[in-house]
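What follows draws every value from the coordinates through simple rules; no lab data is involved. These numbers were taken from a predicted model, which means no experiment stands behind them. Glycine gets a Cβ as well: all are built from the backbone with ideal geometry, and neighbour counts include every protein chain shown.
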Amino acid sequence: MADTRNADLTFGASDYLVYAAPINTVMPTAFADPATPWVNLGWVTTEGGLFKIEEESKDVEAAGSLEPIRTLMTKSVKSTQVTFLEGLNPLVRSLYDNVPVASLEPTTGTVTYALPDKPADLRYAFIFDTMDGDKRMRLYMPNGKVVERGDEQPQTSDVMAVQMTFKFYKGAANSSAVKRAIDYGDVDVSSFFPEG
């Protein structure tokens, strides 16, 4: 077998961008800058985002076999955790406070709104773009919401970071909860796909 190792296939994010739009907004053409109605959520920490896939399964056991005779996949949850640095970004603030972004539009330079007693089910479409030179990865989620929020700590030694975990669900017409696009840049990956 040929040695297909290639250091150019390593990936280290030099930038990480997060966009939101109304639920089920169509995924933009891969790696084009998202246009309206997509809105950038601003600067994030150098850690970027933490994408997780948590799967659960159940083994079916039967008499006459010491091993399970079948495994059922019972759950596959996809989520991303991001820490935003723009604590006053209206969209970031609305996601964290779980209020519609229209609630944050100031009329006289200031705004006042109530945090909901009962959590609202505010859902959006999201894009998470990662860049490494001319290599790119994009995660698109047509239907997601914030399910966990980190502690809010205004402080004098650093900016107030806003940490949120997003959970993703199937989109309109039962479309996938997550789609990934990859741009390999100038890296030749043809050896991974031998002609049959």
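At-a-glance table
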{"quantity": "Residues of type aspartates and glutamates that LYS75 reaches as a straight line, Cα spacing below 16 Å, ignoring anything fewer than 8 places off in the same chain", "calculated": "GLU54, GLU55, GLU56, ASP59"}
{"quantity": "Distance-filtered residues of region 86-112 - backbone nitrogen under 17 Å, label point 7 angstrom along VAL159 Cα→Cβ", "calculated": "86-96"}
{"quantity": "Reported label for calculated Kirkwood radius over Cα pairs in Å given (i) 19.5; (ii) 17.3; (iii) 18.0", "calculated": "(i)"}
{"quantity": "Above-threshold pairs, the threshold being 29 Å between Cα atoms, out of LYS52/LYS118; LYS78/LYS118; LYS58/LYS135; LYS58/LYS118", "calculated": "LYS58/LYS135; LYS58/LYS118"}
{"quantity": "Cα-centred dipole magnitude for the chain, charges only on beta-carbon of K, R (+1) and D, E (-1), debye, nearest 20", "calculated": "740 debye"}
{"quantity": "TRP43-LEU66 pseudo-label distance in nm [points 7 Å out on the Cα-to-Cβ vector]", "calculated": "6.0 nm"}
{"quantity": "Net length gained if the chain between ASN174 and GLU55 were fully extended (0.36 nm per residue, minus Cα distance)", "calculated": "40.9 nm"}
{"quantity": "Relative contact order %, region 1-113, counting alpha carbon pairs below 8 Å whose residues are six or more apart", "calculated": "20 percent"}
{"quantity": "Computed [θ] at 222 nm, deg cm²/dmol, the chain (DSSP H ≥ 4; -39,500 (n - 2.57); rounded to nearest 500)", "calculated": "-1000 deg cm²/dmol"}
{"quantity": "Leading residue at positive end of dipole, the chain (Cβ point charges), from ASN143, GLY12, THR36", "calculated": "ASN143"}
{"quantity": "Distance (nanometres) between label positions extended 7 Å along Cα→Cβ at ASP183 and ALA32", "calculated": "1.2 nm"}
